[in-house]
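Below you'll find the structure, written out as structure tokens, and then a few comments.
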Amino acid sequence: MKDTKSQDDKISGMVFSKIYPLYVAKVEKKFRTKDELNEVISWLTGYDESELQNHIEGSTTFGEFFSNATVNPNSKLITGKICGYKVEDIENPITQQARYLDKLVDELAKGHEMKRILRTSYK
């Protein structure tokens, strides 16, 4: 992906608590649960339930959200396109991690098995 400063700044400045309800609506519309969504987010970020809840209720930006996260090393196994870009080719770390999250939410909404979403069958 060709990095654009304005796109990276826009993604980094988005408030997580404003986007989270959109993720919930997307997965619930496809008969998945908020608990499954939280499991996916926790897998990617390393946040426990309490930490995640603080971000859901707070005003944390995506930049802060991912800068303070312990991103799962298996996140590199997340591949494919989101918003027309291959996630594995995105150079800006915050933008890439936000797109990883988007990709995981899409997979959850599409009905993929949790072990596949969480890349547990990969070794």
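No lab work stands behind these numbers, since they all come straight from the coordinates. Quantities reported herein were computed from a predicted structural model and do not represent experimental measurements. No Cβ is skipped: glycine too gets one built from the backbone with ideal geometry, and neighbour counts run over all protein chains shown.
Residue farthest toward the positive end of the dipole of the chain, with Cβ of Lys/Arg at +1 and Asp/Glu at -1: which of L118, Y85, F16?
Selected residue: Y85.
Give me the number: length gained by fully extending E49 to K30, i.e. 0.36 nm times residue separation minus the C-alpha to C-alpha distance, one decimal in nm.
Details: separation 19, 0.36 × 19 = 6.84 nm, distance 2.30 nm.
Roughly 4.5 nm would be gained on extension.
Counting other Cβ atoms within 10 Å of each Cβ, which GluC sites (Glu not before Pro) in the range 1-75 have at most 16 and sit in a DSSP loop? If you can, show how the numbers build up before the last one.
On the way: sites: E28, E36, E39, E49, E51, E57, E64; in loops: none.
Nothing satisfies the criteria.
At 0.36 nm per residue, and after removing the present C-alpha to C-alpha distance, how many nm does the segment from L22 to T70 gain when stretched out fully?
Values: separation 48, 0.36 × 48 = 17.28 nm, distance 2.33 nm.
Full-extension gain reported as 15.0 nm.
Taking the Cα centre of the chain as the origin, how large is its charge dipole in debye, to the nearest 20, when only Lys and Arg (+1) and Asp and Glu (-1) carry charge on their Cβ atoms?
Numbers: 19 positive and 19 negative charges, 122 e Å.
The dipole of the chain has a size of about 580 debye.
Running Debye on the range 4-48 with equal point scatterers at the Cα sites and no solvent, what base-10 log of I(q)/I(0) appears at q = 0.21, 0.29 Å⁻¹?
Result of the Debye calculation: -0.79, -1.00.
Is the shape of the chain rounded, prolate or oblate, going by the alpha carbon gyration tensor and its root eigenvalues a ≥ b ≥ c, with a/c under 1.5 for rounded and a/b larger than b/c for prolate?
Working: a/c = 1.42, a/b = 1.10, b/c = 1.29.
Note, shape of the chain comes out rounded.
Which one of A69, Q53, Q96 is farthest out on the positive end of the charge dipole of the chain, using unit charges on Cβ (Lys, Arg +1; Asp, Glu -1) and the Cα centre as origin?
Q96
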